[in-house]
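> Questions regarding the structure given below will be posed in turn.
Throughout, read-outs are computed from the coordinates displayed, never taken from laboratory work. The model shown is predicted, which means the values in this text are computed figures rather than measured ones. Positions of Cβ are generated from backbone atoms using ideal geometry, with glycine treated the same way; all protein chains shown enter the neighbour counts.
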Amino acid sequence: MRLTSKFVRQPQITKAARFGPDLAYLIHLLEKGELDPQIGWRGPSKRVDEAIDALLGRRVPGKAVLDLILRGPTDSM
């Protein structure tokens, strides 16, 4: 099931906002298969320019996801 709405309300994001419960609920819906995130492009963060270009060019049906690689203190950039 895909959740859609004609009216999308942008949340007011402040420094004090707590997103934990909302994110937990979204993950719960994803795990149950009740939310389709519509991911149309996925790649490593070093391809961010490609992702932006594809989104702006409307060549991605859905969202673009960048995979982040976390490095430890001994890893070099």
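> Lys and Arg at +1, Asp and Glu at -1: add these up for the other residues within a Cβ distance under 15 Å of residue 55 and post the number. Before the final figure, lay out each step's value.
Numbers: positive: 42, 47, 58, 59, 63; negative: 49, 50, 53.
That works out to +2.
> For residue 34 and residue 68 in one chain, what is 0.36 nm times their gap in residues minus the Cα-Cα distance, to one decimal in nm?
That pair, residue 34 and residue 68, stretches by 9.7 nm at full extension.
> Here is a follow-up. With Cβ to Cβ distances under 12 Å as the rule, what net charge do the other residues near residue 65 carry (K, R +1; D, E -1)?
Working: positive: 42, 47, 63; negative: 67.
Around residue 65, the surrounding residues sum to +2.
> Then there's this: Which value, in debye to the nearest 20, gives the size of the charge dipole of segment 21-77 about its Cα centre, when Lys and Arg are +1 and Asp and Glu are -1 at the Cβ? List each step's numbers first, then the result.
Details: 8 positive and 9 negative charges, 38 e Å.
Magnitude of the dipole: close to 180 debye.
> List the residues whose amide H sits under 5 Å from the amide H of residue 63, counting only those 5 or more places along or on another chain, with H placed 1.01 Å from N in the peptide plane.
Amide H to amide H, under 5 Å and 5 or more residues apart or across chains, residue 63 pairs with 39, 40, 41.
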